[in-house]
1. Does Arg349 meet the test of being closer than 24 Å to Glu450 by Cβ, of a type in the set (Lys, Arg), modelled with pLDDT of 90 or more and buried (at least 21 other Cβ atoms within 10 Å of the Cβ)?
2. Starting from residues that are among the small types (Gly, Ala, Ser) and under 19 Å from Trp302 (Cα atoms), keep the ones in the range 242-279 and report whichever is surrounded by the fewest Cβ atoms within 10 Å (Cβ to Cβ).
3. Search the range 280-304 for residues being under 24 Å from Lys236 (Cα atoms) and of a type outside the set (Lys, Arg), and hand back the single one that is surrounded by the fewest Cβ atoms within 10 Å (Cβ to Cβ).
4. With the requirement that a residue be within 23 Å of Ile166 (Cβ to Cβ) and surrounded by 14 or more Cβ atoms within 10 Å (Cβ to Cβ), what does the range 185-206 give you?
5. So, Glu235, is that one at pLDDT 95 or above and within 19 Å of Gln192 (Cα to Cα) or not?
6. Please work out if Asp336 is of a type in the set (Asp, Glu) and surrounded by 16 or more Cβ atoms within 10 Å (Cβ to Cβ).
7. Going by what's in this entry, would Ile350 be described as free of Cβ contacts under 8 Å to residues at least 12 places away in the same chain and under 20 Å from Val287 (Cα atoms)?
Amino acid sequence: MALINSLGTSLQKASHDAFTERPFADPEPIQAELIELDQWITLVTGLQPLPGNRILAALRQYRADRRFSSILHARHVCHGCLVLYDQRLPLLMEDAQAFPMLLQYVDRFHHRPRLFRRCFQGLMSAYFAYEPGIPNPSAGPYHNREVGWRNRQMLREFLQRRQSCIQAENFNPDWVNAIAEHPDIFSPNPSQAYVSAALQNDFTAFENVCERLNIGTSSWFARGLVYEQVDKIVEKPDTEFKQHINISINLLNRHRWSVDKGLAKIINRYAVSDETETNSRLRDFSVSQWKNPWLAEQAQGWKPVSTEARKMVSVWIKQHLVRQFFWILAQGTPFDVRRAEFWMQYHHRIDALYFALGSHASNNATRDFIEIRRAMEGHLLGLDRAGAPDNNACILMMGNHAIVEFGDNHTPAYIYDRRTQLPFELKRGFKVTGAELRNQRAAAFVQMLEHRDTRENRWEAIFEAALIRLNIRKRN
């Protein structure tokens, strides 16, 4: 109620000033109060003014006669700096003449805070959204990158120089207060002010200013913080660098537009560490973003990653999937742990890996099963007629041989020669049967090995000897 009374008093005063103290019934004081009322309605209701047709009409009028009919007209144009309504014309932000003229006109009102700041707000939105060379799907292609860079620099200096002029004596909207609380927001490198806190996993101030100024996660400002933080982290010694990886991933997870460049830097840095032990968070996050690096059809996202780094993550994934098969897709007994530990010694020899899932694993909606199916996308098969519905199979491709292990630990392992036609199809979406995977009559069949300890040897030693004969050796 106090705000309404205050606005009413202001409108009365503006009317008096317009018709008694100014020549020719100057409308600008009333326009200022109307803008203030518009702003108050937005604050209270959450409704956004400035429908797009007003902005388009204002842009067309300004482009036609290169003049402004009023400050309201200029306000609409300020909010349309990145609106492309005619493919023959550049964005206003990339117009070498029209954009500087807009700033010159708006600057005439810098001593009238409530009038000035609505233009300021539109210009600020354009400043944080515009990045030459990065097309905006809603605005079409950018036309003139060089002019855009110059105009954005001019705009930054304008906003920095005039940011104190948006403060009014009575009512100030929250975005105005936010600028007062974050005075470096228009500095040449505004993200720098938030890096130290980000390194401590504290994004409170950064997210606060983004929310209050309506800066989107795709803005260069948000990406700037991500890249600044990542650059600081990758410069640290190995131990400190690894301690900060989770913090960086948290930030990348918040700002998906920055993932590719930031994640590539982290993975490449990890690959040159003295120790490249598995980092499960880094592994899982990279797979969630770029899928599996050793599946050719999914390798596109991994292009910024070095060959060595890609190999490193591939090893992590293979180790993880082998372990997941015997711990989750198999029966999960201590005996299956032995099987997992045995095959983990051969992870460096695994060229490719396929899972054939029974109906239970194919339809299970729990997190572990969903993650397995996502990680193996492209190398998943269906499994039919293999006994119980919770039985599954793992097919390990090692050199010239394919080795089939079943989830049921009572079922032997089957070895086939890949140089001869296999008795089963390894194509995405295909189904294989238990009989096909256990086909001892196939021309490619080499040997069957049972997981059974003898008086002389544990089954692991028997398997190892058989694999050596096939020139498959474990890593020392």
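The values are calculated or read from the model by the stated rules, or taken from the named source; none is laboratory data. In this text, all values refer to a predicted model and were calculated from it rather than measured experimentally. Ideal geometry is used to build each Cβ from the backbone, glycine not excepted, and the neighbour counts take in all protein chains shown.
1. Taking the combined requirement at face value, the residue does not satisfy it.
2. The residue in question is Ala271.
3. Among residues in the range 280-304 that are under 24 Å from Lys236 (Cα atoms) and of a type outside the set (Lys, Arg), the one surrounded by the fewest Cβ atoms within 10 Å (Cβ to Cβ) is Ser280.
4. Hits for the range 185-206 are Ile185, Phe186, Pro190, Ser191, Ala193, Tyr194, Ala205, Phe206.
5. yes
6. It is true that Asp336 is of a type in the set (Asp, Glu) and surrounded by 16 or more Cβ atoms within 10 Å (Cβ to Cβ).
7. Answer is no for this residue.
To keep it simple, each residue is scored yes or no on (1) part of a loop (DSSP other than H, G, I, E, B); (2) assigned by TED's automatic domain parsing to the domain that holds Leu329; (3) surrounded by 22 or more Cβ atoms within 10 Å (Cβ to Cβ); (4) not basic (Lys, Arg).
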position	(1), (2), (3), (4)
Ala386	yes, yes, yes, yes
Asn391	yes, yes, yes, yes
Cys394	no, yes, yes, yes
Thr420	yes, yes, no, yes
Glu425	yes, yes, no, yes
Asn439	yes, yes, no, yes
Ala442	yes, yes, no, yes
Gln447	no, yes, no, yes
